[in-house]
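J.: To start, I am sharing the structure in question, which I have written as structure tokens.
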Amino acid sequence: NKWRIVFPDNERWWKDWKQASPFYSGNRIQTTKYTWFTFLPKNLFEQFHRLGNLYFFFLAVLNWFPQVEVFHREITMLPLIVVLLASMIKDAVEDYRKYQFDKTINSSKTRVYDK
């Protein structure tokens, strides 16, 4: 891909162009939160900022100690796992839809007006 830098026909801008880097990140829109590598850590970080998820996590950890065990260990983990998986699936679908929308916007034609 060749990138095009457009500066107005002005001597002041010409000096700035000489100092400008020829590599620009582009004019691309990106509204997604996650990438393939950051989905799991970022999503878990966001999920455990919710008080309810922390409460169920605390109950699951507490139930692993034999002195405090009330239910079977796996049963206390079940509500937390269900809520986390449902939230992860919802966030993944939302982020994928944002990715598709960004892709459509970024591939649309544009017009550049000059004087």
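The values are calculated or read from the model by the stated rules, or taken from the named source; none is laboratory data. In this text, all values refer to a predicted model and were calculated from it rather than measured experimentally. As a convention, Cβ positions derive from the backbone with ideal geometry for all residues, glycine included, and neighbour counts pool all protein chains shown. The accessibility values were calculated without ligands, DNA or RNA, using every heavy atom of the protein model including side chains. Shrake-Rupley method; radii C 1.70, N 1.55, O 1.52, S 1.80 Å.
J.: Say we look at the range 40-68 and pick out the residues that are in a loop (DSSP other than H, G, I, E, B) and open to solvent by less than 80 Å² (accessible area, probe 1.4 Å); which of these is modelled with the lowest pLDDT? Full working, then the answer.
T.: Kept after step one, since they are in a loop (DSSP other than H, G, I, E, B), are these residues of the range 40-68: 48-50, 63-68.
Filter once more, so that each one left must be open to solvent by less than 80 Å² (accessible area, probe 1.4 Å): 48, 63, 68.
Working: Phe48: 92, Asn63: 86, Val68: 75.
Only one residue fits best here, namely Val68.
J.: Cβ contacts < 8 Å: first residue farther than 23 Å from Asn43 by Cα, restricted to the range 63-83; second residue of a type in the set (D, E, K, R), any location; separation 6+ or different chain. Result?
T.: Within 8 Å, the pairs are Asn63/Glu69; Asn63/Arg73; Trp64/Arg73.
J.: Among the residues of the range 51-71, count how many are more than 14 Å from Leu84 (Cα to Cα), of a type outside the set (Phe, Trp, Tyr) and within 36 Å of the chain's Cα centre (by Cα).
T.: Taking the range 51-71 first, the residues more than 14 Å from Leu84 (Cα to Cα) are 58-59, 61-71.
Next cut, of a type outside the set (Phe, Trp, Tyr) only: 59, 61-63, 66-70.
Applying the additional criterion that residues be within 36 Å of the chain's Cα centre (by Cα) yields 59, 61-63.
So the answer is 4.
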